[in-house]
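Below is one structure; the comments refer to it alone.
The values are calculated or read from the model by the stated rules, or taken from the named source; none is laboratory data. Here the structure is a predicted model, which is why all the values come from computation and not from measurement. Here the Cβ positions follow ideal geometry from the backbone for every residue, glycine too, while neighbour counts run over all protein chains shown.
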Amino acid sequence: MMRTIGLMLAAGTLLSIGWLLMLRSPDLPIAAQLPPTIAQPKEILPSQAPSEPERILPGIQPDGFLQLPNGWRLRPAGRYLELGNFPVTMALHPSGQFLAVLHAGMGEHEVVIVDLNPKKQRIHSRYSVDQTFIGLTFSPDGRHLFASGGEFEVVHQWDFERGSLSNPRP
């Protein structure tokens, strides 16, 4: 029913324009023969022009929200800690005090160690890696951290002590 009405309105508009074009005087341009509302758009004064919306870039906003690239806004339930450009996986240390985060995006590939102390959560250390992807785990005793080497088909290994990585072995 609605489709039929829409088609009838469209056909009526096309017929009206067609009649105007057929009845027009050959001496005058088409725009001069059309009603003023069709022929000449109204002049918009600067005070009437729509103002441009404020440009909001993705990231943490002054009001505490996180603006996503798709326009959504998130409000973290806890404290927000910026880690890097593309965290792909995380591993919790057996003690529960540290969190290892593996980044494998367009930026630098790295392992970030976060101190989860409730009084002062912070990034404890960062360690750059040539290539990484997905795999990340602590040894059961928490003394070593392992990360996949991505397309290099290696497993990176570090010694882990009190939030610091040392003695890297590919």
### Message
Please go through the range 118-170 and give me each residue that is at pLDDT 90 or above and among the polar types (S, T, N, Q), ordered by number.
### Response
Ser125, Ser128, Thr137, Ser139, Ser148, Gln157, Ser164, Ser166, Asn167
### Task
For the range 103-115, indicate whether the set of residues that are at pLDDT 90 or above and over 23 Å from Val155 (Cβ atoms) is non-empty.
yes
### Message
I'd like to verify a number: residues in the range 100-139 that are in contact with a strand residue (DSSP E or B) (Cβ under 8 Å, 6 or more places away or on another chain), in a loop (DSSP other than H, G, I, E, B) and aliphatic (A, V, I, L, M), how many?
### Response
4
### Task
Just need a number here: residues in the range 122-141 that are closer than 24 Å to Arg79 by Cβ and either surrounded by 13 or more Cβ atoms within 10 Å (Cβ to Cβ) or without any contact (Cβ under 8 Å) to a residue 40 or more places away in the chain (or both).
7
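Tell me, yes or no, whether the range 41-55 has at least one residue that is of a type in the set (Asp, Glu) and either modelled with pLDDT of 85 or more or surrounded by 12 or more Cβ atoms within 10 Å (Cβ to Cβ) (or both). So that I can check it myself, show each step before the final result.
Here is the first cut: in the range 41-55, the residues of a type in the set (Asp, Glu) are 43, 52, 54.
Next cut, either modelled with pLDDT of 85 or more or surrounded by 12 or more Cβ atoms within 10 Å (Cβ to Cβ) (or both) only: none.
Among the residues of the range 41-55, not one is of a type in the set (Asp, Glu) and either modelled with pLDDT of 85 or more or surrounded by 12 or more Cβ atoms within 10 Å (Cβ to Cβ) (or both), which makes the answer no.
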### Pairs with Cβ under 6 Å, 6+ apart, first in the range 69-90 and surrounded by 10 or more Cβ atoms within 10 Å (Cβ to Cβ), second in a loop (DSSP other than H, G, I, E, B) and among the β-branched types (Val, Ile, Thr)
Val88/Ile134; Thr89/Ile134
### Query
With (1) in contact with a Ser or Thr (Cβ under 9 Å, 6 or more places away or on another chain); (2) part of a loop (DSSP other than H, G, I, E, B); (3) under 25 Å from Ile60 (Cα atoms) as the list, and Gly142 as the residue in question, which single condition is left unmet?
(3)
